[in-house]
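The values are calculated or read from the model by the stated rules, or taken from the named source; none is laboratory data. None of these values were measured; they are calculated from a predicted model. So basically every Cβ, Gly included, is an ideal-geometry build from the backbone, and we count neighbours across all protein chains shown. For accessibility, only protein heavy atoms count, side chains too; no ligands or nucleic acids. Shrake-Rupley method; radii C 1.70, N 1.55, O 1.52, S 1.80 Å.
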Amino acid sequence: MYSQKVIDTFKNPKNVGAIENPDAVGTVGNSNCGDIMKIYLKIDGDVITDVKFETFGCAAAVATSSVATEMVKGKTLDEALKIKNSDVIAALDGLPAQKIHCSVLAEEAIKAAIDDYRSRNN
Ligand code: FES
């Protein structure tokens, strides 16, 4: 079963939507379920100043993305890369075992967006 925090976050997720003129975009798919996650970043210097996500994913994907986007906002790119799906799962008081893979989606999409930014700016 989902924790109360997962249920509450799924019902009231933060940072949902798109950013106009983003500095970076990361899109990843989950091979287990076929769900898709898209992360938009605004970056100033080396700092993530805004982040939003769109997903065709399950409740766990929405909840973990909400938490992950809150965690990376205001962080430098290197700090954001250190955030692991286990940190996100802990912040949500755990996930059912069969839903752990959903939490990887946001982490991978953030990494893909940072890769996108670095490839555009290097
Ligand atoms: Fe696809 Fe959770 S079942 S992201």
By DSSP, what percent of the beta bridges with both residues in the chain are antiparallel, rounded to the nearest 5?
95
Applying the gyration tensor rule to the Cα atoms of region 63-105 (axes a ≥ b ≥ c; rounded if a/c under 1.5, else prolate if a/b exceeds b/c, else oblate), the class is prolate
So what is the 222 nm mean residue ellipticity for the chain from helices alone, if each DSSP H run of at least 4 adds -39500 (n - 2.57) and you divide by all residues, rounding to the nearest 500 deg cm²/dmol?
-14000 deg cm²/dmol
To the nearest 0.05, what FRET efficiency results for Asn122 and Ile7 with a Förster distance of 30 Å applied to their C-beta separation?
0.10
Can you tell which of Asn32, Asn12, Asn21 shows the greatest fluctuation in a Gaussian network model of the chain with Cα springs below 10 Å?
Asn32
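Give the whole-number value, in cubic angstrom per residue, of the convex hull volume spanned by the C-alpha atoms of region 44-122.
83
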What size of dipole, in debye to the nearest 20, comes out for the chain about its Cα centre when the only charges are +1 on Lys and Arg C-beta atoms and -1 on Asp and Glu C-beta atoms?
200
Between exposed trypsin sites (Lys or Arg not before Pro) in the chain, where DSSP calls loop and at most 14 other Cβ atoms lie within 10 Å, what's the longest gap?
15-81
For the chain, with every protein chain kept in place, what is the accessible area per residue (1.4 Å probe, Å²)?
51
Measure out, as a whole number of angstrom, how far apart the alpha-carbon centroids of region 1-29 and region 80-111 sit.
12
Can you send over the carbon and sulfur percentage of the accessible area for the chain, probe radius 1.4 Å, protein chains only?
51
Output the relative contact order of the chain, whole-number percent, from Cα pairs under 8 angstrom with separation of 6+ residues.
32
